[in-house]
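Just below is one structure, and these are the notes that go with it.
The values are calculated or read from the model by the stated rules, or taken from the named source; none is laboratory data. Remember, it's a predicted structure, so these values are computed and weren't measured experimentally. Heavy atoms of the whole protein, side chains included, go into the accessibility calculation; ligands, DNA and RNA do not. Shrake-Rupley method; radii C 1.70, N 1.55, O 1.52, S 1.80 Å.
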Amino acid sequence: MSSGTEHEDRFRRVYAANFEPLLAYAMRRVEQPEDAADVVAETFLVAWRRSREMPPEPEVRLWLHGVARRVLANHHRGGLRRGRLGERLRQRLRAAVTVDPGSEVPERLTMQAALARLGELDREVLTLTFWEGLEPREVATVLHVSPAAVRTRLSRARARLRDLVGDDLGPPGHVLDVMAAQAPEEGR
């Protein structure tokens, strides 16, 4: 028998004799059973990597419990870090999402209808500038015109759009002809 085979056989015996006690140990120390399985898997991975350092049979169980204890400590620290990160992300999302997206629907419909009534070049200059966030020089590159021509077209396109929409899109709410049917009157 080679020393590699003896080494693998010993590891298999240690695994078989200690898997269930380590799983029970981990189950009592984590909230989710899946986490206990991960702790035991990580414990045996460490044991495999350090198997040359594994003590003789009578002490191996205690050594494995020591490894499992350190794996659990890492698991708990990782959980705390994930929890803090999750809370920071939730706070950012709450701060970023202050407007009900549904309240923007009438404005979007009005804007889309107005854009559809503009010429293709006016629509392209406006959408490249405001939706895509391009600077006039960048729009000029896309459209193969000079930046001065883009600034002129942008100014004219904004004026045409303002004529179609007005300065104020109105208060948020439902657009009756698009969003809802007229309700029947009572008593009929």
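Couple of notes before you dig in:
- Taking only protein heavy atoms and a 1.4 Å probe, the accessible area of region 33-152 is 55% carbon and sulfur.
- In Hz, Karplus ³J(HN,Hα) per residue of region 74-88 (6.51, -1.76, 1.60; θ = phi - 60°; x = Gly, Pro): 5, 4, 5, 4, x, x, 5, 5, 4, x, 5, 5, x, 5, 4
- Per residue value of the accessible surface for region 1-152 (all protein chains in place, 1.4 Å probe), Å²: 69 Å²
- Residue-wise HN-Hα couplings along region 3-9, as the Karplus relation 6.51 cos²θ - 1.76 cosθ + 1.60 with θ = phi - 60° gives them from phi, are 5, x, 5, 4, 4, 5, 4 Hz; Gly and Pro carry x.
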